[in-house]
Amino acid sequence: MAALLLLTGPQAGRRHEVTGEVIIGRSPSCTISLEDAKVSRRHVRLALEGGEARVSDLGSRNGTVVNGEKIEAEMVLLPGDRLQVGDSTILFEPTARASLADRAGLGEISGSPVEELLPAAGPVAGLYHSGVALLSATSEAMVLRRAAEELSRGVNSDKAAALLGGTDGLLTAAVVGAEKVEVPRAMVRAALERKEASIAGGVLVAPLIASGGAPFGILYAERPEPFGPEEQRTITALGRLTGEACTALRARQDPGRQVFLIGSSRQFRKTVEQARRAASTAETTIVWGEFGTGRLQMAEYIHSRSPRALGPFIVVDCRKHPSLVEETLFGRTSAPGVPPASSALLEADGGTLVLQQIEALPRHAAERLSRLVSRRVAPSRQGGEEAVDVRFMVTCDAPLQTLLSRGEIDGELAKVLTGTELETLPLRDRRPDVLQLFEHFAVRAAQARRKEAPLLTPDARRVLVDYDWPLNVEELRGVSERLALLYAGSEVTALVLPPEVQTGATQGPLTLAARVQRLERDAIAEALRTARGKKIKAAALLGISRPTLDKKIEDYQLVVEKRRG
């Protein structure tokens, strides 16, 4: 039976069988309902007609993409085609070529339980169990830790380690049975430079290597008794299995991207400095603030500059349906046609797990999570629990203690997640950054369409800075991208700005300090225009020194345009 497999998005991992017509959209009445703002209420239709799967867009706002191209008319899906609907990537699986049948003449069927047929003792059993442990690991840190554990059992050693690096130095990834190990340099060179597994009495070393590649680390084992050829074969095979497992994980993971925070105002610089200090620690970080202030981006910034930057960055949106949140956090067992899913706690091993909008986390899920966090364990896919090394981050609307006083978070969970708190400022408190952010978003949107960015007139710049931006950076992003689309390469005046921005910039009482700042900014801008961009002349007109003028130009994010005349 034909099926749709959701690879990414709100329902990632789900499989929907196609028997007739399938409507995909944001509406709960759709066959596949996606909680995604980029998806229209009724977005796309797929139907089996005459043995073919036909897909057509239903006039959606953002369109439907098949294999990287937006579709304009109805088209036929082929096996392996991918639909992109908002943030969801959907793989089309055609009707299976295999079918069920009652076949005669097979003779008597003899069966045995799977567990009885799997190897239970001996070298083959050891490699089988090692392979299962490595394949079920969800992060590179977990692969290396399990490799060290399996090596220790497989060769009966007192110490075992999986180490990454080159001959100039090794970065310890996992050590079992000791605080640290000292590896003979000559044996490391043999493993990394000549791809050799070597024995020296009670010391055993083999390279970590995948097919077609060079060694990128070693496995190490040590014990009082000397090792033999059997142990040498075991560590060699385990080194190859570990290399393949690490390579497969790296191929599936997105490369770590560098995250930048836009803004140079004094208030924002203080926040960025707090984030840098938080990045240098391993404790839980609570990022709180209003909607649209970039809480999740701030968490990603902290992760990208922490020692865990090369590890996974996993986000669990606690605002989703409770059953989906629990499945994401704690994993799920397998079902017919659906493999088991690892928990987010396991996937984040060696990296960072972000609990987005934690105040929306269901109470029963919060209680279970607090128990797991306090013991630093995660649900295992094989059943039971296993130790994990995860750094937690939390995004929310208010400080943790405020949420606790309101009864919006479980007390035990708040206790185990207590750590550094950092507030993301609303845009009205960092007005000097508005124009810089506008330029960033507008240039990026224009470049995506191979257009020139729009140019703001002085009156438009003033209106943008004066507006309070109740939805913060997210609202500014939307306005910037819309103007970049409508006025690419053209001048944008205040009259073409959205009505709410024009009216909002003039509404509401201003404090005396705000009125003084506005007058000072306008006076400096007027002096610069009169002086045709010459700062010395503008400073003289204002009766202030040149350094004072430079400082105020920086504070108000004014652009100095030099003109001839």
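The values are calculated or read from the model by the stated rules, or taken from the named source; none is laboratory data. As the structure is a prediction and not an experimental result, all values here were calculated from the model. Neighbour counts run over all protein chains shown; Cβ positions are idealised from the backbone, glycine included. The protein model used for the area step is the full one, side chains on, heavy atoms only, and it has no ligands, DNA or RNA in it. Shrake-Rupley method; radii C 1.70, N 1.55, O 1.52, S 1.80 Å.
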Which one of 464, 476, 483, 456 is free of Cβ contacts under 8 Å to residues at least 60 places away in the same chain, touching a Gly at 6+ places or on another chain (Cβ under 9 Å) and buried (at least 20 other Cβ atoms within 10 Å of the Cβ)? 476
Just to be sure, is residue 268 more than 31 Å from the chain's Cα centre (by Cα), in contact (Cβ under 8 Å) with a residue 12 or more places away in the chain and surrounded by 18 or more Cβ atoms within 10 Å (Cβ to Cβ)? no
Residue count, region 441-450, condition of a type in the set (D, E, K, R) and crowded, with 16+ Cβ neighbours inside 10 Å, comes to 0
Give the number of residues within region 12-25 that are surrounded by fewer than 19 Cβ atoms within 10 Å (Cβ to Cβ) and either within 28 Å of the chain's Cα centre (by Cα) or in contact (Cβ under 8 Å) with a residue 40 or more places away in the chain (or both). 5
Quick check, is residue 64 farther than 14 Å from residue 6 by Cα, within 26 Å of the chain's Cα centre (by Cα) and among the hydroxyl-bearing types (Ser, Thr, Tyr)? yes
Condition first: open to solvent by 10 Å² or more (accessible area, probe 1.4 Å) and among the small types (Gly, Ala, Ser). Now tell me which residues in region 293-320 satisfy that. 294, 304, 306, 309, 311
Residues that are touching a Lys or Arg at 6+ places or on another chain (Cβ under 9 Å), without any contact (Cβ under 8 Å) to a residue 24 or more places away in the chain and surrounded by 13 or more Cβ atoms within 10 Å (Cβ to Cβ): list the helices (runs of 4 or more DSSP H) wholly contained in region 103-211 that include at least 1 such residues. 122-135
Among (1) open to solvent by 90 Å² or more (accessible area, probe 1.4 Å); (2) at pLDDT below 90; (3) under 30 Å from residue 325 (Cβ atoms), there is one condition residue 42 misses while meeting the rest; what is its number? (2)
Checking the structure you have, find out if any residue of region 421-432 is within 30 Å of residue 372 (Cα to Cα), surrounded by 14 or more Cβ atoms within 10 Å (Cβ to Cβ) and polar (S, T, N, Q). yes
Considering only residues that are surrounded by fewer than 12 Cβ atoms within 10 Å (Cβ to Cβ) and of a type in the set (D, E, K, R), which ones fall in region 67-96? 69, 70, 72
Could you please tell me which pairs satisfy a Cβ distance under 6 Å, a separation of 6+ or placement on different chains, a first residue in region 44-62 that is in a strand (DSSP E or B), and a second residue that is of a type in the set (Ser, Thr, Tyr)? 44/64; 45/56; 57/64
